[in-house]
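The values are calculated or read from the model by the stated rules, or taken from the named source; none is laboratory data. Everything quoted here is computed from the prediction, not taken from an experiment. Cβ: placed from backbone, ideal geometry, glycine included. Neighbour counts: every protein chain shown.
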């Protein structure tokens with residue numbers, strides 16, 4: 001038997017990775033199942049005695065859970081709402097999870113809804129929210145299911161993202177999703193060479209443009225699908241020289257070019273070329289206030305572009321998901337500053 005605290009400890013070790021968990025069980029926030037009627041989702045126990053030490057806050061006697069102990073959600077264990085995790089549970093903490101019999105086979109009602117949602121015409125691009133919606137459609141056809149309400153916890157943004165995309169192997173897709181934040185107070189534009197251009201021949205020269213309607217601190221990355229490499233383009237050694245405080249600060253409506261045009265006393269000795277065939281993503285992020293955690297990860301860039309390590313990529317993804325969580329906090333009635341914007345631009349080299 002795996003207890004909620006054990007799961008929480010394992011999940012804490014996955015910082016920076018996307019985690020989606022689905023529990024089709026009673027009192028799902030505590031990861032336990034009811035042992036009552038046959039129409040309820042249940043586990044069987046062995047004859048071995050239960051260890052004296054129990055690391056879960058939940059009572060091991062499911063029948064007394066709702067009456068005798070406070071019920072905690074797993075997201076409380078790991079503070080998932082500020083993280084990169086999302087949970088779909090079959091019930092609220094004080095409810096039972098029911099089964100549906102189709103022919104001779106029994107399914108958990110939530111699992112059955114998952115199957116039905118995946119069979120729609122969305123091509124497998126279902127989200128946690130889709131599964132929850134499908135459950136309520138199924139519930140209307142089942143007279144025995146009257147007090148079961150699935151719950152979505154954790155990062156609300158992940159609940160709206162397709163599971164197919166989440167479980168892809170591409171870090172590029174993960175980062176592109178996490179970096180996008182359409183902040184209505186900040187207009188952020190990004191393009192290469194000229195607006196609207198997305199296709200480049202191999203070895204074409206490239207110049208990237210970023211413009212923001214608010215002043216702030218700019219981070220600019222290039223992700224390459226063919227190699228899964230990630231480069232820091234801005235800040236670079238030139239940006240450090242152009243700012244008196246040696247920072248990546250940019251002014252309101254200022255157009256930033258990389259490589260920049262040559263200026264007196266600061267000749268430009270680098271250029272970007274479309275070296276490798278394939279798809280690339282250009283990602284720009286502007287934070288209205290200094291982002292010390294991001295600065296610590298990227299370190300100094302004394303080159304035209306800096307290759308980020310795999311470990312740094314994971315840390316950057318984690319930081320962006322924390323910002324995404326702050327963005328979605330408004331859904332929970334929590335007022336947190338949405339003081340950043342992100343944009344993603346796709347190009348293809350042929």
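Residues of the stretch 1-32 being crowded, with 19+ Cβ neighbours inside 10 Å, in a loop (DSSP other than H, G, I, E, B) and modelled with pLDDT of 65 or more, which ones?
18, 24, 25, 26, 27
Report yes if residue 159 is under 17 Å from residue 346 (Cα atoms) and buried (at least 21 other Cβ atoms within 10 Å of the Cβ), otherwise no.
For residue 159, the condition - under 17 Å from residue 346 (Cα atoms) and buried (at least 21 other Cβ atoms within 10 Å of the Cβ) - is not met.
In this structure, does residue 222 turn out to be within 22 Å of the chain's Cα centre (by Cα) and part of a loop (DSSP other than H, G, I, E, B)?
no
Pick from the stretch 233-244 the residues that are at pLDDT 75 or above and under 20 Å from residue 288 (Cβ atoms): which of them is surrounded by the fewest Cβ atoms within 10 Å (Cβ to Cβ)?
Going through the stretch 233-244, the residues at pLDDT 75 or above turn out to be 233-239.
Those still in the list that are under 20 Å from residue 288 (Cβ atoms) too: 234-235, 239.
On the way: 234: 23, 235: 25, 239: 21.
Result: 239.
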